[in-house]
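This report refers to the structure that appears directly beneath it.
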Amino acid sequence: MDGTQLSGPRTNLKVQDFGAPMDVLWFKLTRQFSDAKDPVAWFDTGRIFIMLNRSGYWQCGFVIPKGSLRQIRERGLTTLRDDIVKLAPFVAGRVGKLQDWEEIKLLTVQVDRLRQWYRPGLLCLGDAAHAMSPIGGVGINLAIQGAV
Ligand SMILES: Cc1cc2nc3c(=O)[nH]c(=O)nc-3n(C[C@H](O)[C@H](O)[C@H](O)COP(=O)(O)OP(=O)(O)OC[C@H]3O[C@@H](n4cnc5c(N)ncnc54)[C@H](O)[C@@H]3O)c2cc1C
């Protein structure tokens with residue numbers, strides 16, 4: 001949930017925003033039976049591509065500079081596919097599946113936390129209290145720890 005929705009006059013809870021220089025393009029690619037089971041990632045200067053094993057498919061995340069989706073769309077899907085393959089040649093035969101922008105979701109990255117998680121009658125947990133960077137994939141664990 002978007003933590004900033006809980007800030008402002010309706011709750012009077014203040015958000016400390018740490019800023020995040022990135023957004024993530026989130027899409028699925030075909031996974032073959034012979035593929036590795038573990039997550040895979042490629043890194044280059046300012047660029048990251050990750051693939052998470054979801055059994056029947058790879059859940060993929062391509063990190064882009066924050067707010068750059070419009071430019072990326074203007075450059076076209078072919079250029080995006082080429083950029084992904086340059087970083088992760090492994091997916092060369094698979095990115096052709098991406099034929100429509102509808103298949104590519106934008107994950108807007110926020111890193112923030114409430115200075116105080118509660119007030120009488122209201123308790124904030126998980127992303128509402130602290131939106132985590134997707135690097136490391138800790139959001140769910142911390143949400144549960146916070147609840148416990
Ligand atoms: C694309 C993506 C990938 C991620 N991958 C990972 C990962 O690999 N590992 C990891 O640890 N974390 C990951 N996260 C982060 C993780 O999903 C969150 O940190 C976690 O889900 C936070 O849990 P939550 O209960 O606080 O919020 P949410 O899971 O967002 O739950 C909030 C719920 O409230 C509902 N809701 C919203 N408004 C209302 C309303 N007005 N009335 C009723 N219900 C409402 C929403 O529909 C939602 O079901 C990922 C997040 C995203 C977006």
Karplus 3J(HN,Hα) series, Hz, for segment 93-102 with 6.51 cos²θ - 1.76 cosθ + 1.60 (x for Gly, Pro)
x, 10, 5, x, 4, 7, 10, 9, 4, 4
Using the alpha-carbon centroid of each, what span in Å lies between segment 7-38 and segment 70-147?
2
Whole-Hz ³J(HN,Hα) from phi, Karplus 6.51 cos²θ - 1.76 cosθ + 1.60, for segment 42-51, glycine and proline x:
10, 10, 8, 3, x, 9, 9, 10, 10, 10
Leaving out ligands, DNA and RNA but keeping every protein chain, what accessible area does D127 have, in Å² rounded to the nearest 10, with a 1.4 Å probe?
60
With a cut-off of 8 Å between alpha carbons and a minimum separation of six or more residues, what is the relative contact order of the chain in percent?
30
Which residue, chosen from G61, T78, P21, occupies the Cα position most advanced towards the positive end of the dipole of the chain, where the dipole is computed from +1 (Lys, Arg) and -1 (Asp, Glu) charges on Cβ about the Cα centre?
P21
Per residue, in Å², the accessible surface of segment 22-108 once ligands and nucleic acids are set aside, probe 1.4 Å
59
In Å, descending, principal axis extents of the Cα set of the chain
55, 34, 28
Please give the solvent-accessible surface of Y57 in Å², to the nearest 10, using a probe radius of 1.4 Å with every protein chain present.
70
Quantify, in whole percent, the carbon and sulfur part of the accessible surface of segment 22-108 (1.4 Å probe; protein heavy atoms only).
54
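The values are calculated or read from the model by the stated rules, or taken from the named source; none is laboratory data. Treat the numbers as computed from the prediction; the structure is a model and nothing was measured. Virtual Cβ from ideal backbone geometry, glycine too; neighbours counted across all protein chains shown. For the accessible areas, the whole protein counts, side chains as well, though only heavy atoms, and no ligand, DNA or RNA atoms are used. Shrake-Rupley method; radii C 1.70, N 1.55, O 1.52, S 1.80 Å.
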